[in-house]
């Protein structure tokens with residue numbers, strides 16, 4: 001009996017790993033079949049952000065009274081899976097960054113929760129996981 005339990009546990013773990021590999025391979029196949037659509041979806045997401053540029057600017061300005069102007073780097077848009085401690089993750093995060101007050105040594109990132117990688121963002125789901133930063137003497141500090 002003492003030998004059977006570890007063997008059963010090992011066999012169950014092996015089955016779980018194979019199942020996870022199969023799920024991962026299915027995701028890769030699905031995502032590669034959508035590759036042609038990927039750029040079109042990215043352009044739709046970017047168009048939404050540009051349409052709501054003033055809302056994004058106002059949101060960033062509201063983070064600090066020292067922010068007088070906001071420069072969004074439209075080429076910085078990234079979509080990545082959010083982690084919530086589970087294997088399937090917790091949705092996706094679309095982020096766009098830029099600088100403030102025309103200072104090249106500043107950085108901000110505005111984040112949007114999106115349910116799927118190809119979802120269009122919503123300014124109602126806008127937030128900032130990090131503060132606005134400025135680099136001084138080689139060290140990033142909170143811009144305040």
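Read-outs throughout are calculated quantities, based only on the coordinates presented, and are distinct from any laboratory measurement. Since the model is a prediction, treat every value here as computed from it, not as a measurement. We place every Cβ from the backbone using ideal geometry, glycine too, and count neighbours over all the protein chains shown.
Which stretch or stretches of the stretch 95-134 have amide N atoms under 13 Å from the point lying 7 Å from residue 62's Cα along the Cα→Cβ direction? Counting only backbone N, you get 123-128.
In the stretch 51-104, Cα pairs under 8 Å separated by at least six residues give a relative contact order of 35 percent. A convex hull fitted to the Cα coordinates of the stretch 34-142 yields 122 cubic angstrom per residue. The simple spin-label model puts a point 7 Å past each Cα toward its Cβ; for residue 129 and residue 142 those points are separated by 1.8 nm. Descending by average beta-carbon neighbour count within 10 Å, the peptides 72-82, 101-111 line up as 101-111, 72-82, the highest first.
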